[in-house]
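Visitor: There's a structure below that I have some questions on.
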Amino acid sequence: MNGLVSVRLNNQKLSSSKLRRAVDVVRWFGAVQAQDFNAAKWALALRMRKATEGAVEEAFNKGEILRTHVMRPTWHFVTPEDIRWLLQLTAARVNQKCGPNYRKFELDAAVFKRSNKIFMKALRDGKHLTRPVLKSILNADGIDVTDPVRLAHILLRAELDGLICSGPRTGKQFTYALLEERVPATKPLEHDEALAELARRYFRSHGPATLQDFVWWSGLTVEDAKRGIAQVGTPRSTGTEQSSAHLLPAFDEYFVAYKDRQMTAGSLSTWDVLGPTLIIDGIAAGTWKRANSGTIELNSSRILKTSEKLAFKEAADRYSAYLGDISRRR
């Protein structure tokens with residue numbers, strides 16, 4: 001196994017992990033991409049010693065992990081103790097990237113002030129409301145959100161303003177909650193402290209990685225990324241030579257968190273590895289999907305050895321065990 005790949009597998013908590021809870025995984029990474037909620041739950045479980053989908057879902061519903069827009073922009077899982085300083089560090093950059101869409105949908109400071117006031121009133125006293133309910137409230141109060149993309153950007157801005165965050169799910173529907181009510185108060189970090197902490201989290205969980213990788217993942221400017229790295233350096237660690245296979249979900253941190261994915265993409269394109277991907281010894285070996293029958297269908301990119309086929313079966317069995325009864329209720 002390539003030594004650098006071995007180290008990355010270890011840091012990503014794929015080759016060996018003592019982590020037991022979803023919050024431990026999220027805390028280790030700093031943030032875990034989560035726009036595909038079901039895929040992101042499996043990404044966390046893969047890095048835990050033993051986990052079921054129900055256990056990860058419960059951690060989310062209890063607020064042990066939160067889901068909000070915090071970098072690039074896209075949804076990420078973050079911990080309650082990290083959400084405020086992460087937003088303070090990255091929200092301005094995300095708003096800058098969203099600027100063209102804000103202008104396209106005629107969203108300005110006045111609109112956001114009105115919508116945030118509406119959210120504050122609707123969600124106070126521990127209320128958790130779904131997007132359709134909030135849509136109706138906004139429309140009734142004179143803010144046109146007939147266009148779902150306009151609504152999405154209004155909600156995104158309220159997340160970036162630190163006003164709202166994820167609440168518990170109601171069935172399969174997501175809810176929003178007031179951040180100040182859902183998340184206990186935490187000590188703020190100064191700008192340079194936050195830069196250093198984000199750099200430390202990224203390189204300990206994603207290394208080996210480059211400055212360009214960190215800039216891509218964090219959405220920071222090159223200057224700020226360099227300042228963060230200068231304070232903490234890039235930690236060194238060793239890998240393991242244990243042979244393994246993993247069924248990675250779509251947008252897994254193992255691929256999505258790097259600007260350059262060639263080292264681990266194998267013969268797949270850097271776009272293909274952003275979908276559900278089988279890796280063997282850290283290198284992509286095909287794509288996969290779960291059939292309606294519950295079986296895992298593999299589209300391998302090369303001929304697998306007998307030992308690799310057995311490793312794939314073990315990985316598939318682990319995924320089936322993770323899904324448990326929840327998969328049969330869908």
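Visitor: With +1 assigned to the C-beta of every Lys and Arg and -1 to the C-beta of every Asp and Glu, and no other charges, what is the dipole magnitude of the chain about the Cα centre in debye, to the nearest 20?
Guide: 480 debye
Visitor: On a straight-distance basis, which lysines could pair with Lys172 in a cross-link, Cα separation under 23 angstrom, same-chain partners fewer than 8 positions away excluded?
Guide: Those lysines meeting the cut-off are Lys41, Lys62, Lys127, Lys135, Lys289.
Visitor: Using a 7 Å offset from Cα along Cα-Cβ at Thr270, what residues in region 176-216 end up with backbone N under 20 Å from the label point?
Guide: 203, 206-216
Visitor: Roughly speaking, what is the stretch gain from His191 to Thr221, that is 0.36 nm per residue apart minus the C-alpha to C-alpha distance, in nm to one decimal?
Guide: Result: 9.5 nm gained on full extension.
Visitor: Right, here's the next one. Taking the Cβ-Cβ separation of Leu310 and Leu211 as r and a Förster radius of 56 Å, what is the calculated FRET efficiency to the nearest 0.05?
Guide: With R0 = 56 Å, the Cβ-Cβ based efficiency is 0.90.
Visitor: Work out how much length Ala110 to Asn61 would gain on full extension: take 0.36 nm times their residue separation and subtract the Cα-Cα distance, in nm to one decimal.
Guide: Difference between extended and current length: 14.4 nm.
Visitor: Could you state the principal axis extents of the C-alpha atoms in region 245-329, from the largest down, to the nearest angstrom?
Guide: Sorted from largest, the Cα extents of region 245-329 read 38, 28, 17 Å.
Visitor: Which residue, Gly63, Gly99, Gly228, tops the fluctuation ranking in a GNM of the chain built on C-alpha contacts under 10 Å?
Guide: Gly99
Visitor: Please find, in a Gaussian network model of the chain (springs between Cα atoms separated by less than 10 Å), the residue of Asn11, Asn116, Asn139 whose mean-square fluctuation is greatest.
Guide: Asn139
Visitor: Next up: What FRET efficiency comes out for the pair Ala152/Glu181, r = Cβ-Cβ distance, R0 = 25 Å, nearest 0.05?
Guide: 0.65
Visitor: Could you work out, for region 3-182, what percent of all Cα-Cα pairs fall into each 5 Å distance bin, beginning at 0 Å and stopping at the bin that holds the largest distance?
Guide: In whole percents, the pair-distance histogram is 1, 8, 16, 19, 19, 15, 10, 6, 4, 2, 1, 0.
Visitor: Report the one residue of Leu14, Ile143, Asn38 whose Cα lies farthest in the direction of the positive end of the charge dipole of region 3-182 (charges on C-beta: Lys and Arg +1, Asp and Glu -1; origin at the Cα centre).
Guide: Ranked along the dipole, the leading option is Leu14.
Visitor: Filter the chymotrypsin sites (Phe, Trp or Tyr not before Pro) in region 207-301 down to the DSSP loop ones having no more than 14 other Cβ atoms within 10 Å, then list what survives.
Guide: Here the chymotrypsin sites (Phe, Trp or Tyr not before Pro) that fit, given the DSSP loop and packing criteria, are Trp271.
Visitor: Tell me which label goes with the value of percent of Cα pairs over 31 Å apart computed from the coordinates here: [x] 56; [y] 28; [z] 35.
Guide: Label [z] holds the value from this structure.
Visitor: Sticking with this structure for a sec: Need the list of lysines near Lys226 for cross-linking: C-alpha distance under 29 angstrom, and skip anything on the same chain fewer than eight residues off.
Guide: Lys13, Lys97, Lys187, Lys259
Visitor: Next question. At 7 Å along Cα-to-Cβ for each site, give me the label-to-label distance between Thr130 and Thr234 in nm.
Guide: About 4.6 nm separates the two model spin labels.
Visitor: I want to verify a result. In a Gaussian network model of the chain, Cα cutoff 10 Å, which of these has the top mean-square fluctuation: Ile283, Ile137, Ile164?
Guide: Looking only at Ile283, Ile137, Ile164, the biggest GNM fluctuation is shown by Ile137.
Visitor: Please identify every one of the trypsin sites (Lys or Arg not before Pro) in region 209-276 that sits in a loop by DSSP and has no more than 13 other beta carbons within 10 Å of its own beta carbon.
Guide: Arg236
Visitor: Then there is this: Over region 3-182, calculate the relative contact order: mean separation of alpha carbon pairs under 8 Å at least 6 apart, over the residue count, as a percent.
Guide: Relative CO of region 3-182 lands at 19 percent.
Visitor: Work through the residues other than Cys165 whose Cβ is under 15 Å from its Cβ and net out their charges, Lys, Arg +1 and Asp, Glu -1.
Guide: +2
Visitor: Roughly how many nanometres apart are two label points built 7 Å out from the Cα toward the Cβ at Glu297 and Ser16?
Guide: In this crude label model, Glu297 to Ser16 measures out at 3.8 nm.
Visitor: Suppose every Lys and Arg Cβ carries +1 and every Asp and Glu Cβ carries -1, with no other charges. What dipole size does region 245-329 come out with about its Cα centre, to the nearest 20 debye?
Guide: 200 debye
Any read-out appearing in this document is the output of simple, stated calculations on the displayed coordinates, not a laboratory observation. Please read these numbers as outputs of a predicted model, since none were measured by experiment. Positions of Cβ are generated from backbone atoms using ideal geometry, with glycine treated the same way; all protein chains shown enter the neighbour counts.
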